[in-house]
Amino acid sequence: MGRLLETSDLSKSFGGIKAVQNFLIHIDEGEVIGLIGPNGAGKTTAFNLLTGVYTPTTGKILFDGKDITGRKPYQITALGIARTFQNIRLFGELSVLENVKIAFTLHASYSFPEAILRLGRYGREEQIIDDRARELLAAFKLDSLADEQAKNLPYGQQRRLEIARALATRPKLLLLDEPAAGMNPQETKELTEMIRWIRDTYHLSILLIEHDMALVMKICERIYVLDYGKILAEGNPDEIRNNSAVIKAYLGTEG
Ligand code: ATP
């Protein structure tokens, strides 16, 4: 397994707040990795650093052999990191199909004037994009809802659509920010199965922020625990479950 992502001494401060400090992680090809920690520990800030939303105060991010520190979010997406958000971000007024097609167009080769005039490559690529978007929707059992406005979908399906849209950019690394938040037990069970299926089907690595410990322990090969912006522990689910510093951080007391 090759090394896909590696950070060194990554940190981000907001004024006096050190949201993330000495954030040192690595992810290999095909791994499903958990990023857990109490509220305010810095998990979302870490995602925002990895995806170029924030420029780090210190440190470097190596992805797929390239230094991506300081690159813009759209450049990082094009290099192969995609994400979903804690608060789902879909284009609610657009159809389910259009939400996925928008992500595909990032990789389309036709120029804007061609698109306007519907000339040249546009017609062919438009058809290919349409077909691919429908294939993705079918894989996520959303094809029958292709023409529905995204905002009309139940919560669990909106989360699925957001993941499908993230995959349209063909990522090598998928970042999921609390995918189980707001899901009912049945939806969470389906999501648990879906995450491994995504990894195997699309041959990518996954970094997952999640508060649902049962889910994290079940699907993650390794877990990083953040506390007050610092990595408190790293290990496989058994090691994390039995780590006294982790237990203390979560329960406020040892044991
Ligand atoms: P949660 O589980 O509640 O989503 P989190 O682990 O994702 O929390 P972050 O949202 O990364 O934590 O926040 C880490 C710290 O950084 C918090 O103290 C937060 O208030 C602070 N912080 C995050 N973003 C900003 C910002 N843009 N400006 C100022 N402070 C911020």
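The values are calculated or read from the model by the stated rules, or taken from the named source; none is laboratory data. Predicted, not measured: the structure shown is a model, and the values here were computed from it. Note that each Cβ is placed from the backbone with ideal geometry, even for glycine, and that neighbours are counted across all protein chains shown.
Just one of (1) touching a residue at least 40 places away in the same chain (Cβ under 8 Å); (2) touching a helix residue (DSSP H, G or I) at 6+ places or on another chain (Cβ under 9 Å) fails for residue 188. It is (1).
What residue, among those in the stretch 12-29 that are buried (at least 16 other Cβ atoms within 10 Å of the Cβ), touching a Leu at 6+ places or on another chain (Cβ under 9 Å) and of a type outside the set (A, V, I, L, M, F, W, C), is nearest to residue 239 (Cα to Cα)? Among those that are buried (at least 16 other Cβ atoms within 10 Å of the Cβ), touching a Leu at 6+ places or on another chain (Cβ under 9 Å) and of a type outside the set (A, V, I, L, M, F, W, C), it is 26.
Do the conditions hold for residue 232, that is, is it within 13 Å of the ligand (Cβ to nearest atom), hydrophobic (A, V, I, L, M, F, W, C) and in contact (Cβ under 8 Å) with a residue 24 or more places away in the chain?
Values: within 13 Å of the ligand (Cβ to nearest atom): yes; hydrophobic (A, V, I, L, M, F, W, C): yes; in contact (Cβ under 8 Å) with a residue 24 or more places away in the chain: yes.
Criteria met by residue 232.
When residue 76 is tested against (1) loosely packed, with under 15 Cβ neighbours inside 10 Å; (2) without any contact (Cβ under 8 Å) to a residue 40 or more places away in the chain; (3) not acidic (Asp, Glu), only condition (1) is not met.
Checking the condition among the hydroxyl-bearing types (Ser, Thr, Tyr) and either closer than 26 Å to residue 201 by Cβ or more than 16 Å from the ligand (Cβ to nearest atom) (or both), which residue from 69, 57 passes? Walk me through it before giving the result.
On the way: 57 fails: either closer than 26 Å to residue 201 by Cβ or more than 16 Å from the ligand (Cβ to nearest atom) (or both).
So the residue among 69, 57 that is among the hydroxyl-bearing types (Ser, Thr, Tyr) and either closer than 26 Å to residue 201 by Cβ or more than 16 Å from the ligand (Cβ to nearest atom) (or both) is 69.
Table: residues versus (1) among the charged types (D, E, K, R); (2) more than 12 Å from the ligand (Cβ to nearest atom); (3) in the same structural domain as residue 241 (by TED's automatic domain parsing).
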position	(1), (2), (3)
17	no, no, yes
23	no, no, yes
28	yes, yes, yes
32	no, yes, yes
37	no, no, yes
40	no, no, yes
49	no, no, yes
53	no, no, yes
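Annotation note: of 51, 105, 55, the sole residue that is more than 27 Å from residue 212 (Cα to Cα) and at pLDDT 95 or above is 55.
Do we find a residue being within 16 Å of the chain's Cα centre (by Cα), polar (S, T, N, Q) and either under 18 Å from residue 140 (Cα atoms) or modelled with pLDDT under 95 (or both) anywhere in the stretch 185-195? Before the answer, list the steps.
Within the stretch 185-195, the first condition is being within 16 Å of the chain's Cα centre (by Cα), and the residues that meet it are 191-192, 194-195.
Still in the list and also polar (S, T, N, Q): 192.
Then drop every residue that is not either under 18 Å from residue 140 (Cα atoms) or modelled with pLDDT under 95 (or both), which leaves 192.
Among the residues of the stretch 185-195, at least one is within 16 Å of the chain's Cα centre (by Cα), polar (S, T, N, Q) and either under 18 Å from residue 140 (Cα atoms) or modelled with pLDDT under 95 (or both), which makes the answer yes.
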